[in-house]
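Chemist: Once you've had a glance at the structure underneath, I'll fire off some questions.
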There are 2 protein chains.
Amino acid sequence: MCADETNKLSEFELISWIEQQTGKSELLSLGIGDDCAIQRQNTDWDLLTSTDLLIEDIHFKRQWTTLYNLGRKAAAVNISDIAAMGGVPVTLYLGIGRPQEISDLDMKEFIAGFIYEGQLHGAELAGGDTCASKGGLMISVTVQGQVAHGEAICRKGASFGDAIYVSGTLGDSALALKKLLAGESVDKYLSGRFHLLDLSDGLVSDLGHILKASGIGAEIELDSIPLSQEFRQAMEDDATLIDLALAGGEDYELIFTSPLKDLADQPELLPGISRIGAVCQQQELRLRQADGKLYQCQSGGFDHFD
Amino acid sequence: MCADETNKLSEFELISWIEQQTGKSELLSLGIGDDCAIQRQNTDWDLLTSTDLLIEDIHFKRQWTTLYNLGRKAAAVNISDIAAMGGVPVTLYLGIGRPQEISDLDMKEFIAGFIYEGQLHGAELAGGDTCASKGGLMISVTVQGQVAHGEAICRKGASFGDAIYVSGTLGDSALALKKLLAGESVDKYLSGRFHLLDLSDGLVSDLGHILKASGIGAEIELDSIPLSQEFRQAMEDDATLIDLALAGGEDYELIFTSPLKDLADQPELLPGISRIGAVCQQQELRLRQADGKLYQCQSGGFDHFD
């Protein structure tokens, strides 16, 4: 964009522009533009809230993404926390620490992507904060959602014998990152799965959180982990890539446990999920190979489970 | 602190430590440790939400504050947004982007200050996010509060003829900052009023927001602006310091309008407030001197009111 057009908008003009981009929400009595947003409450529902930070060069690199896509992803990773507890998102709050070199157009693209992704899931941008940053682009996102009273799915709910399921395929995003870092080309499918954000800690670590909260353990069958065709192809050259599916992170898929053992056989009920193992009483996480031996994951992901 | 003790805690250990510091809240069914916090909803109340970013070298300098006081202030500035709308705070969410040189002890002190200030106002820390930062300490705070349904005090509520009130005294914090920047000593009273954060935009700008939202104007009587004894003393040497009270910012006092003209005369009702002017129909903000002439504020603060 033209350098002359950079950073001409005052904070107030930017907020006015953002107000025009946001839609109406039945639950939101007052959105952007006052000290707080105001929402109706309903006794039938519980309120879910989650907050995330995304920091440049920690969670993303600006040269690897458009600001629009970064905005979409910032909303998506936060909304996935609401989905993980069985809720629906309602409102989003966005804080932006803006380095001087981010132009008004860049800001608008980022915010447009953020609002688009939110609305795709039924959530309106309801407030936020913008300020200068001397240390790169800094994004904070808070999402509020709701779930029928008492029906939130918590980590501590896993019980002995429960089956463990994941949605989608794992490892694609970490594989794309590995290729990018090595200067290799990344095919279209993998690059589309690469989210440029490493907030999700990977299967082993995220499952570890569930197990620790529930005071139980689990056994995962390595052969049951859902992998994309592209990922399997890459594994033909290097079998240790399985570690990327186990601990690579950046997989914005869901993991959950259920006493029902055959959910993966009913695609009409829950499409695209795979059963990958079962909850057991011994408080450890075992990775079982097809030959019956235990597998030791080489790369991180165990840190959070002690 | 001993360098050997720096950054030994894993993220998970830090979160466990934080969990131990937080108290119980009747409204909070589930706090720290899952994907989202869960809160009860109540149809009689509206939900208030506000979010702020605090970025090192933009909003604060680490050498000018203890981490404990910075934590307290981070909670306080956010909670003041709930108070500004007539609500009470219930929950706080804290995001911390942590530079490598911030030790575990520093982190704990910051968080302890944050939790203490929240609890002082009845708000529990209910969730958050911690990650590394390469660009200085970055703090994001979201606060949720509640107000009786339909009773939130909005900016757009100001009407022609309303009196304008502020709480406390103005300009102290900006005066302390000015002295610190000039290398002068700051007496105990002023340093206690210096909050190291410049989120509040100053009287002229904050009042401008109310006026713009309500489509009205105002006239402020300069002589009515409440000033501390220390501030008046400094003004004896330099009368232009009044601009710090008008536009210096960092005054975490409240400003509000009311059709009642004598609120400041009833300290038993609302202690410590001053009537500083009145709402008028002409859409501009006039600063009236004691001699009847209009005063032109030299330093910022007008930016947001157009």
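Chemist: Could you give every pair whose Cβ atoms fall below 8 Å, whose first residue belongs to segment B:69-94 and is more than 24 Å from B:L203 (Cα to Cα) and in contact (Cβ under 8 Å) with a residue 12 or more places away in the chain, and whose second residue is part of a loop (DSSP other than H, G, I, E, B) and open to solvent by less than 10 Å² (accessible area, probe 1.4 Å), counting only separations of at least 6 or pairs across chains?
Modeler: If the second residue must be part of a loop (DSSP other than H, G, I, E, B) and open to solvent by less than 10 Å² (accessible area, probe 1.4 Å), the pairs left are B:V90/B:A123; B:T91/B:A123; B:L92/B:A123.
Chemist: Of A:L28, A:L9, A:L14, which residue is in contact (Cβ under 8 Å) with a residue 24 or more places away in the chain, under 19 Å from B:T142 (Cα atoms) and within 13 Å of chain B (Cβ to nearest Cβ)?
Modeler: Testing whether each residue is in contact (Cβ under 8 Å) with a residue 24 or more places away in the chain, under 19 Å from B:T142 (Cα atoms) and within 13 Å of chain B (Cβ to nearest Cβ) leaves just A:L28.
Chemist: Another one. Among the residues of segment B:130-152, what is the count of those that are open to solvent by 30 Å² or more (accessible area, probe 1.4 Å) and at positive phi?
Modeler: The total comes to 1.
Chemist: A follow-up question, please. From the list A:R98, A:R155, pick out the single residue that is under 17 Å from the mean Cα position of the chain (by Cα) and either within 14 Å of chain B (Cβ to nearest Cβ) or buried (at least 22 other Cβ atoms within 10 Å of the Cβ) (or both).
Modeler: Being under 17 Å from the mean Cα position of the chain (by Cα) and either within 14 Å of chain B (Cβ to nearest Cβ) or buried (at least 22 other Cβ atoms within 10 Å of the Cβ) (or both) holds for just one of A:R98, A:R155, which is A:R155.
Chemist: Among the numbered criteria (1) surrounded by 17 or more Cβ atoms within 10 Å (Cβ to Cβ); (2) farther than 30 Å from A:E219 by Cα, which one does A:L175 miss?
Modeler: Every listed condition holds for A:L175 apart from (2).
Chemist: From the set of residues in segment A:47-78 that are part of a loop (DSSP other than H, G, I, E, B) and open to solvent by 20 Å² or more (accessible area, probe 1.4 Å), which is farthest from the other protein chains (Cβ to nearest Cβ)?
Modeler: Across segment A:47-78, the extreme among qualifying residues is A:T66.
Chemist: Still on this structure: Just to be sure before I move on: is B:S200 buried (at least 17 other Cβ atoms within 10 Å of the Cβ), closer than 29 Å to A:S29 by Cα, of a type in the set (S, T, Y) and at pLDDT below 75 in the structure I sent?
Modeler: Yes; evaluated as a whole, the condition is true for this residue.
Each row is one residue, and each column tells you yes or no for (1) open to solvent by 20 Å² or more (accessible area, probe 1.4 Å); (2) on the phi > 0 side of the Ramachandran plot.
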| position | (1), (2) |
| --- | --- |
| A:W45 | yes, no |
| A:T91 | no, no |
| A:K108 | yes, no |
| A:G122 | yes, yes |
| A:A126 | no, no |
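Chemist: Any idea which of (1) more than 27 Å from B:E56 (Cβ to Cβ); (2) open to solvent by 20 Å² or more (accessible area, probe 1.4 Å); (3) modelled with pLDDT of 80 or more is the one B:S228 doesn't satisfy?
Modeler: For B:S228, the exception is condition (2).
Chemist: A further question follows. Is one or more of the residues making up segment A:284-303 of a type in the set (G, A, S) and at pLDDT 85 or above?
Modeler: Yes, that holds for at least one residue.
Chemist: Can we say B:I115 is in contact with a helix residue (DSSP H, G or I) (Cβ under 7 Å, 6 or more places away or on another chain), away from chain A (no Cβ under 14 Å) and either crowded, with 19+ Cβ neighbours inside 10 Å or within 19 Å of A:I58 (Cβ to Cβ) (or both)?
Modeler: Yes: the conditions hold for B:I115.
Chemist: Now for a different question. Of the conditions (1) in contact with a strand residue (DSSP E or B) (Cβ under 9 Å, 6 or more places away or on another chain); (2) modelled with pLDDT of 90 or more, A:E109 fails just one. Which one is it?
Modeler: With (1) in contact with a strand residue (DSSP E or B) (Cβ under 9 Å, 6 or more places away or on another chain); (2) modelled with pLDDT of 90 or more applied to A:E109, the lone miss is (1).
Chemist: If A:E26 meets every condition in (1) modelled with pLDDT of 75 or more; (2) open to solvent by less than 70 Å² (accessible area, probe 1.4 Å) apart from one, which number is that one?
Modeler: Every listed condition holds for A:E26 apart from (2).
Chemist: I'd like the full set of residues that are outside any strand (DSSP E or B) and at the interface with chain A (Cβ under 9 Å from one of its Cβ atoms), limited to segment B:84-95.
Modeler: B:A84, B:M85, B:G87
The values are calculated or read from the model by the stated rules, or taken from the named source; none is laboratory data. All figures in this text were calculated on a predicted structure; none of them were measured in a lab. Reconstructed Cβ throughout: ideal geometry from the backbone, glycine too, with neighbour counts over all protein chains shown. For the accessible areas, the whole protein counts, side chains as well, though only heavy atoms, and no ligand, DNA or RNA atoms are used. Shrake-Rupley method; radii C 1.70, N 1.55, O 1.52, S 1.80 Å.
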